[in-house]
Amino acid sequence: MHKVVIIGSGCAGNTAAIYTARAGLDPLVIKGHEVGGQLSLTTEVENFPGFPEGINGPDLIENMRRQAERFGAFYRDGEVIEADLSKRPFRLNLEGEWVETRTLIVASGAKARWLDLPSEQRLIGHGVSSCATCDGFFYREKKIMVVGGGDSAMEEANFLTRFGREVALVHRREAFRASKIMLERARANPKIEFIMNTAVDEVFDVKQNIVTGVRLKNLATGETWEREVDGLFVAIGHIPNTKVFKGQLDLDPDGYLLSHGGARTNIRGVFHAGDVQDRVYRQAITAAGAGCMAAIEAERMLEAEGH
């Protein structure tokens, strides 16, 4: 029987672990499918307070984990594949092993969204990627394409200019969703070419098991054409990791957890933190703050119950 189980090991989960561990609650942190969350896929983090020179995302995550472990948090590999939140203690199936907990903090984050083209799916890991910092190194002096129109797409395109001979950014609309500063930074980069009102229609070449090019489609005119590309990076958003809670926790139409005040969900004793609920700010610092909120809520609830 655990007092607190935290699902997720990104900024939100690690911060919740630090706070609950310092409160003497011996939290169990389930690392999840993407260990470290989105921040583990980021190179330099310049906007996290306390690091005037910036810090690498994986280093920040590692520092948080070590800090939580110092106070007594326990980390386990694996993913929750089933959850029974019908009564307390809650029961979680950790890849075949059931664990019980009095309170639960869901900080499971969100995973990359894909174009859902059969050719794209077949070529993931063979020239198709959702992580520039993971795979950019392999495309030195190559032709790179990024798909998307938000901050992530701008960041990925800028980062990939360190490696690629050319970087084309394809967006299906006329206007970008990206913040002003990120868009200005991308527009100021001479190595980035912008292709608007256009979608990727096909990825070549599945037979060769490697990306050799794409077929593009102008969504305004219907015109299609092919372009030689060595690497395709998809940056079109994320899907919250809430599938196991469907039908138990309140979700919005896109699958994000709905808040019921503070860090509370619709089930007493289950709390949310980070990108699994936040679809507006999606920053490392807001995720950390949400992890703190969830931890304090869980601590106060357990204290009131005499645990």
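The values are calculated or read from the model by the stated rules, or taken from the named source; none is laboratory data. For clarity, every value in this text was computed on a predicted model and none was experimentally measured. All Cβ positions, glycine included, derive from the backbone under ideal geometry; neighbour counts span all protein chains shown.
Scanning the stretch 227-238 for any residue that is farther than 21 Å from residue 178 by Cα, assigned to a loop (DSSP other than H, G, I, E, B) and either of a type in the set (Phe, Trp, Tyr) or in the same structural domain as residue 142 (by TED's automatic domain parsing) (or both) turns up at least one such residue.
The single residue among 141, 174 that is exposed (fewer than 15 other Cβ atoms within 10 Å of the Cβ) and closer than 28 Å to residue 220 by Cα turns out to be 174.
Taking the stretch 265-275 as the range and being within 23 Å of residue 238 (Cβ to Cβ) and surrounded by fewer than 18 Cβ atoms within 10 Å (Cβ to Cβ) as the test, only 266 passes. Scanning the stretch 1-47 for residues that are in contact (Cβ under 8 Å) with a residue 60 or more places away in the chain, more than 21 Å from residue 100 (Cα to Cα) and hydroxyl-bearing (Ser, Thr, Tyr) yields 15, 42, 43. Residues being in contact with a strand residue (DSSP E or B) (Cβ under 6 Å, 6 or more places away or on another chain), hydroxyl-bearing (Ser, Thr, Tyr) and assigned by TED's automatic domain parsing to the domain that holds residue 216 are entirely absent from the stretch 169-185.
Selection of the stretch 57-76 for residues being at negative phi, in contact with a Gly (Cβ under 9 Å, 6 or more places away or on another chain) and either surrounded by fewer than 16 Cβ atoms within 10 Å (Cβ to Cβ) or outside any helix (DSSP H, G or I) (or both) yields 62, 71. Restricting to the stretch 24-48, name every residue that is surrounded by fewer than 15 Cβ atoms within 10 Å (Cβ to Cβ) and modelled with pLDDT of 95 or more. Of everything in the stretch 24-48, those that are surrounded by fewer than 15 Cβ atoms within 10 Å (Cβ to Cβ) and modelled with pLDDT of 95 or more turn out to be 24, 26.
This table checks each residue for (1) closer than 30 Å to residue 214 by Cβ; (2) in a strand (DSSP E or B).
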| residue | (1), (2) |
| --- | --- |
| 26 | no, no |
| 32 | no, no |
| 39 | yes, no |
| 49 | no, no |
| 81 | no, yes |
| 91 | no, yes |
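Within the stretch 239-250, the only residue that satisfies the criterion of being surrounded by fewer than 20 Cβ atoms within 10 Å (Cβ to Cβ), part of a strand (DSSP E or B) and not charged (D, E, K, R) is 239.
Matching residues to (1) within 27 Å of the chain's Cα centre (by Cα); (2) at pLDDT below 95; (3) loosely packed, with under 14 Cβ neighbours inside 10 Å:
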{"position": "179", "(1), (2), (3)": "yes, yes, yes"}
{"position": "182", "(1), (2), (3)": "yes, yes, no"}
{"position": "197", "(1), (2), (3)": "yes, no, no"}
{"position": "214", "(1), (2), (3)": "yes, no, no"}
{"position": "220", "(1), (2), (3)": "no, yes, yes"}
{"position": "223", "(1), (2), (3)": "no, no, yes"}
{"position": "229", "(1), (2), (3)": "yes, no, no"}
{"position": "232", "(1), (2), (3)": "yes, no, no"}
{"position": "235", "(1), (2), (3)": "yes, yes, no"}
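Quickly run through the stretch 105-117 and pick out the residues that are surrounded by fewer than 24 Cβ atoms within 10 Å (Cβ to Cβ) and either β-branched (Val, Ile, Thr) or in contact (Cβ under 8 Å) with a residue 60 or more places away in the chain (or both). 111, 112, 113, 114, 115, 117 - these are the residues of the stretch 105-117 that are surrounded by fewer than 24 Cβ atoms within 10 Å (Cβ to Cβ) and either β-branched (Val, Ile, Thr) or in contact (Cβ under 8 Å) with a residue 60 or more places away in the chain (or both).
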